[in-house]
1. Only one of these is in a helix (DSSP H, G or I), under 20 Å from the mean Cα position of the chain (by Cα), modelled with pLDDT of 90 or more and of a type in the set (V, I, T): I282, I321, I257. Name it.
2. Out of the residues in the range 233-247 meeting the condition of being of a type outside the set (A, V, I, L, M), assigned to a helix (DSSP H, G or I) and surrounded by fewer than 23 Cβ atoms within 10 Å (Cβ to Cβ), tell me which one is modelled with the lowest pLDDT.
3. Could you count how many residues in the range 168-201 are surrounded by 13 or more Cβ atoms within 10 Å (Cβ to Cβ), touching a helix residue (DSSP H, G or I) at 6+ places or on another chain (Cβ under 8 Å) and among the hydrophobic types (A, V, I, L, M, F, W, C)?
4. Among the residues of the range 158-199, which ones are charged (D, E, K, R) and more than 21 Å from G68 (Cβ to Cβ)?
5. Report whether or not S287 is without any contact (Cβ under 8 Å) to a residue 40 or more places away in the chain and among the polar types (S, T, N, Q).
6. Please return the ranges of helices (runs of 4 or more DSSP H) entirely within the range 115-232 where 2 or more residues are under 18 Å from the mean Cα position of the chain (by Cα).
7. Checking I46 against (1) over 16 Å from N161 (Cβ atoms); (2) at pLDDT below 90; (3) of a type in the set (A, V, I, L, M); (4) surrounded by 18 or more Cβ atoms within 10 Å (Cβ to Cβ): exactly one of these is not met. Which one?
8. How many residues does the range 11-32 hold that are surrounded by fewer than 24 Cβ atoms within 10 Å (Cβ to Cβ), under 15 Å from the mean Cα position of the chain (by Cα) and farther than 17 Å from N49 by Cα?
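The values are calculated or read from the model by the stated rules, or taken from the named source; none is laboratory data. These figures come from a predicted structure and were not determined experimentally. Quick reminder, even Gly has a Cβ in these numbers, built from the backbone with ideal geometry, and neighbours come from all protein chains shown.
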Amino acid sequence: MSNKTLVVLLILATSVSMMSTDIYVPSLPYLTDYFGTSAEYIKLTISLNAAAYSIGTLIHGPLSERFGRKPILIWSMAGLALFSLFCALSQSIGQFIVSRILQGLAAAAEGVIVLAIIRDVFNQREQIRVLAIYEMVIALTPAIAPIIGGYVFIYIGWRANFIAITVIALIATWLIQANLKESTRKDLNALKIREILGDYFGLLSNLNFMKYSLMLGAGVGFFFAFATAGPFILIKQHGLPAEYFGYYQGIMVVAYIAGSVVTAWLAKKLAPHSLLHMALFIVLSSSLLLLFVVYANLETKFLLALCIALIAFGTAPLFAIAPPLALNTTWRRTGYAAALLVSIEMGVGALAALSVGVFHDGTSRPFALTTAVLFIGALLIYVIGSKDDQTVLNTEI
């Protein structure tokens with residue numbers, strides 16, 4: 001199997017996982033009436049899914065070390081198909097929330113195994129280029145899925161979107177089974193409690209690893225905050241038709257793809273930390289601009305889209321550079337490191353989604369404030385974490 005085929009399979013697995021949320025986002029504001037519940041409960045279908053994803057990674061990491069990357073990825077895709085079907089069949093908000101939690105647990109394997117395989121197969125310099133291309137391509141998913149999901153919701157209904165995920169996940173399961181080769185040796189000690197705790201606590205005490213993981217969490221948090229609050233802001237607050245929501249999200253995704261293209265090009269010319277500094281400057285200044293626009297009552301759909309696009313552009317180098325830097329700060333098992341990295345990312349994402357849900361007030365303020373806090377926090381973490389770092393952080397790739 002060529003490296004190109006490998007990347008295609010990894011993109012497919014990630015895209016299916018992302019679609020499980022992105023495709024039904026345009027229907028969120030309307031599910032309050034369908035289930036006879038509040039916006040806060042509907043938003044839990046995203047925040048609790050992200051929380052389950054975060055927890056699930058900690059399970060799938062050790063499993064992928066013990067049984068291999070391929071079988072865990074196959075079973076997770078099959079589980080994603082099954083629990084997506086559960087979502088489609090839900091008759092109450094309680095059933096829907098539980099189904100989304102199970103869906104998140106199954107989808108979590110993708111995040112761990114993709115990073116682990118990339119580290120298994122590619123060297124550190126190649127990892128940045130592969131991740132830049134990988135992130136650029138999968139960015140199409142949150143652009144295309146809501147557009148498709150919006151029209152499917154209008155003409156067929158929200159349940160049809162989850163049926164579609166079920167079918168696509170089954171196709172992905174078959175393709176991975178037929179084409180993916182194992183990239184690591186099975187570690188018979190990987191499921192021993194002492195080994196699991198030793199590796200996870202070792203990673204938690206690794207300041208460099210934690211720094212990059214939390215910075216990535218800020219980027220993931222922004223996207224989850226938008227996925228949770230965006231439909232209510234644009235559809236409810238600004239009166240945007242549900243079928244057009246995907247086009248606004250598409251603007252954000254196009255900006256992200258542009259950032260990925262620039263990152264792939266600059267990665268050949270600049271040191272990773274120079275690119276990281278650029279990313280932090282863009283996301284922080286753009287999030288503060290968003291905060292100003294919202295609190296100064298200058299908010300329009302255009303200005304919101306502009307600010308969100310600028311932030312998305314800045315997250316592209318962050319997502320391409322921080323994962324390999326984090327994974328290469330440790331000698332511990334790749335599956336464990338990838339699991340904790342993704343768990344931290346998704347944990348912050350879940351908190352961001354929960355924040356805009358808990359503080360929901362019918363305006364854009366909770367979203368703007370959450371976004372600003374995320375990236376101010378990312379900058380502070382980077383500055384504080386870099387003070388005593390004279391080894392890994394100064395390594396040129």
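1. On the way: I321 fails: modelled with pLDDT of 90 or more; I257 fails: modelled with pLDDT of 90 or more.
Step by step, each of I282, I321, I257 is checked, and only I282 is in a helix (DSSP H, G or I), under 20 Å from the mean Cα position of the chain (by Cα), modelled with pLDDT of 90 or more and of a type in the set (V, I, T).
2. Pass one, the range 233-247, residues of a type outside the set (A, V, I, L, M): 236-239, 241, 243-247.
Among the residues that remain, those that are also assigned to a helix (DSSP H, G or I) are: 236-237, 243-247.
Those left that are additionally surrounded by fewer than 23 Cβ atoms within 10 Å (Cβ to Cβ): 236-237, 243-244, 247.
Values: K236: 84, Q237: 87, E243: 78, Y244: 83, Y247: 82.
The extreme case among them is E243.
3. So the answer is 10.
4. Of the range 158-199, the ones charged (D, E, K, R) are 159, 181-182, 185-187, 192, 194-195, 199.
Within the range 158-199, R159, R194 qualify.
5. Values: without any contact (Cβ under 8 Å) to a residue 40 or more places away in the chain: no; among the polar types (S, T, N, Q): yes.
Spelling it out, it is not the case that S287 is without any contact (Cβ under 8 Å) to a residue 40 or more places away in the chain and among the polar types (S, T, N, Q).
6. 124-138, 141-155, 158-179, 207-231
7. (1)
8. Count: 2.
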